[in-house]
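Down below is the structure, laid out as C-alpha cells.
Any read-out appearing in this document is the output of simple, stated calculations on the displayed coordinates, not a laboratory observation. All figures in this text were calculated on a predicted structure; none of them were measured in a lab. Quick reminder, even Gly has a Cβ in these numbers, built from the backbone with ideal geometry, and neighbours come from all protein chains shown.
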C-alpha cells in the first residue's frame, strides 16, 4: 500500500513539475523597422498600465487617463496600482517570468537596464520615428535633454519620461529671517548658514538617509567625476571625492551642525517640527512638507548650492512598453505615452503633483509661468535642468549603488574614516561593475 | 474504525489529501527543487528558461563575498541573542500565567497580541520606542541616568535593537506553547512534591523543567529555524534598509537583495541553499542532543 502512495506522489510531482516547467510562447526577437509597425488601431484594444502612484498622485493620473480614454474610440487604458515602487519592481519581474507582463509600466532607469539586458521592453525608436504616429524632430528634442539621454541606450529610445524630480534645498524662512541669513548658493555659505542656525535643540542642516546614494552629486559639485562610463572605472577615491566627503563628514560628525534623517526616515518630519533649519531632499517631497508644515513653520525652496560647479541628479520613473504585448497594444501604449508627455498633460501633471514638466515648451508656457509665479517653491527643481545629470547606464548599477551608499553611510555615522570609506566605496563599487561584466 | 487498509480506502485518503498536496507541491516542493537546480546555473536566461552553462561558480561567488559572511555572522548573532533569552523569558511568563491569578485571560491575550499583529505595524511602534530624542526607551533609561542611545542610527546598536524587537514579538507564540505544555503536567507530581516539603523553586526545577523538556525542545527548534530566516523585522524596523551602513544585514536580506535588486538569480539560489544547509545542520545537532535528554 505504501508503494501505491509513493507512486501516486511521484506521479503528482512529475505532473506538477512538467506543468510548471513548460514555458509559454517564445518571444520573437525580430526588430521592427519604421515601416513594419502598425499605425492604425481599428479594433477595440485594452492595455494595462502598472504604476506605483498613490494618494493625490493616483487621483491626478486617473483624471488624465479618463480624459485619454474619452478621447479615444478604440483604446481603453486600465490603471493597475501595484503598491510601492518596490512592489511594482517585484511584480514586474514575476510577471515577466510568468509571461503575464502588462503592456505598459513605470520603470526606473536601472530597472530598464535589466529589462533591456533580458529583452523585456520594446525599443520605441520605430514609433518615435514613424511619420504617421511618431514625433517630429522638434517634438522629440522638446523633451528635456537629461531625460532624453536617460532613456537612450545605443541610440535607441526605450522609455518616455514621466514623474521626474530632483534634489532641492528646503529652508525655514522664519529662522533665516531671525538670523539675517540669505539662501546659500555655495558650500561655504551652506556651512556658514548651518553654523549660524545651530543653537539649542536646532541643528542647522539636514540630509536624507539616502545621502550615500546621492554622493555622486557631491563629487561632481566639487568638480570631480565618480565613474568613467566607457572604461567602467569608478573614481570616488580622488581629491574631489575626498573634498566632498570631508565636507559632509565635518558638518555632521566634527562640527555637529548637520544631521541625517536617521530614525525619522525622511527629513520632512524634523524639518516641519522645526528641529532643523534647512535640508536637502527630493522635490517630490514638496507636497509632504507643505501639508505637514501648515501652522507650524514657514518655508521655501531653492536650487542646490554648488561648489566648483552646480550638479544635481534627476530621478523618477519613465514609461516603458513590454515586448510581450501585441502589436496593437504596443501602438495603443505609444499613443497613451504621447498623451501623457504632451505639453498640456505634463503641465497638468506637474501642477498637481510637484514633479517637473518633461518638455522645454511646457516650461515657457504662460500657464506654467503663471503657476510658478504663484507657487515659487515648484520652480527650484526645473531651474536646475542645466546642471542635471542622470545616473549612467551601467550593468551592475544596483550593486554599485548599494556598495558606495553603504560605505558613505558608514563614514557619516562615524564608523569609518573618510579615507577608509572612500577607498572601500571605490573598491566595492568597482567589484560590483566588474562582476556584472562577466 | 481502524480496520485493515485497502486500496479503496487509500484512494479515498489520497483524494482528501490531494488539495493540500497540490498546494504544498506547487508552492513549496517545486520551488525548493527548482532553486536547487538554479543555484548551479552560471550562464542562463532566467525569463526564457534557457540554461547555457552550469557549475559551482555561484557558490564560489558567495563564499568569496565578504558581505555574505557579514550577513551570516549577523544572522548567527541574532539567533544567539534571540533564542535562549526568548525561551527563558517566555517560560517564566508562562509559569506565572499558569498560576491562579486575577485577569489571567486578559494577560494571556495581551501577551499573545504581538504575535498576531503585523510586523510592519509593530515596527512603526518600535521605531517610536527606539527614537533617540522622543522615544520612551531612552526616556526610561534617562530616569536611571543613562544617556540617550541612538538605537536605530548607531551601527553598534542596530543588532541589539533588532534582537529586542524579535524577542518581544516572539514571546506570545512561545508562551502559548509553554502554557499548553504546562497544563499537560499532571498536578499530582506537584502535590506529591509539596507533601515531601519541596519549595516553589525545587518544584519548578525538578518537575516543571524536566517534564516540559519536549515542549522546550520543540520551541527551540522552531525558534532557531525562524530566527535564521529573519527578514521582515529588519526590513520594517530600519525603513527598507538593512540597518545603518548595512550593519543589520541578515542572510535572507542578502538573498532578497541578490534576487530582486541585482537580478542575480543563481547567486541568490546558492545563498538560499547555504542557509538551508546551515539550518539543517543545526536541526540535526539539536535532534541528536534532544534524544539524549528526553525524559
Inter-probe distance in nm under a simple model that places probes 7 Å from Cα toward Cβ, at residue B:70 and residue A:231: 2.8
Under the rule of -39500 (n - 2.57) per DSSP H run of 4 or more residues, summed and divided by the residues of chain B, what mean residue ellipticity at 222 nm is obtained, to the nearest 500 deg cm²/dmol? -21500 deg cm²/dmol
At R0 = 25 Å, how high is the FRET efficiency between residue A:118 and residue A:326 if r is their beta carbon distance? Nearest 0.05 is fine. 0.80
If you average the alpha carbon positions of the range B:134-150 and of the range B:196-221, how far apart do those two centres end up, in angstrom? 37
Can you work out the FRET efficiency for the pair residue B:198 and residue B:143, with r the C-beta to C-beta distance and R0 = 41 Å, to the nearest 0.05? 0.55
Among B:279-287, B:194-202, how do they line up from the highest to the lowest mean number of other beta-carbon atoms within 10 Å? B:279-287, B:194-202
In peptide B:238-247, what is the residue-averaged number of other protein chain Cβ atoms found within 10 Å of each Cβ? 6
C-alpha long axis of helix A:397-412 to longest principal axis of chain A, angle in °: 20
Expressed in nanometres to one decimal, the distance between label points 7 Å along Cα→Cβ at residue A:180 and residue B:218 is 7.6
If each of residue B:226 and residue B:206 carries a label point 7 Å out from its Cα toward its Cβ, how far apart are those two points in nm? 3.4
Counting only helical runs of four or more DSSP H residues, what would the 222 nm mean residue ellipticity of chain A come to if each run contributes -39,500 (n - 2.57) and the total is spread over all its residues? -13500 deg cm²/dmol
Chain A - Rg (one decimal) and Dmax (whole number), Cα, Å: 24.3, 90
At R0 = 60 Å, how high is the FRET efficiency between residue A:419 and residue B:15 if r is their beta carbon distance? Nearest 0.05 is fine. 0.30
Have a look at A:240, A:137, A:167 and tell me which one the Gaussian network model of chain A (Cα, springs below 10 Å) gives the largest fluctuation. A:137
Using a Gaussian network model of chain B with C-alpha springs under 10 Å, which one of B:64, B:249, B:233 is most mobile by mean-square fluctuation? B:64
Write down the Å³ per residue value for the convex hull defined by the alpha carbon atoms of the range B:60-292. 151
Most mobile of B:20, B:271, B:121 in a GNM of chain B (Cα contacts under 10 Å): B:20
When a/c is below 1.5 the answer is rounded, else prolate if a/b is larger than b/c, else oblate, so apply that to the range B:158-295 with a ≥ b ≥ c taken from the square roots of the Cα gyration tensor eigenvalues. prolate
The protein assembly as shown shape via C-alpha gyration tensor axes, a/c threshold 1.5: oblate
Angle, helix A:343-353 long axis vs. longest principal axis of chain A, Cα atoms, 0 to 90°, nearest 10? 60
Distance in Å, no decimals, from the C-alpha centre of the range A:241-261 to the one of the range A:404-429 is 13
How much length is gained on full extension from residue B:124 to residue B:184, taking 0.36 nm per residue of separation minus their Cα-Cα distance? 17.8 nm
Checked the range A:159-305 with the C-alpha gyration tensor, a ≥ b ≥ c its square-rooted eigenvalues, rounded below a/c of 1.5, otherwise prolate if a/b is larger than b/c and oblate if not; verdict oblate
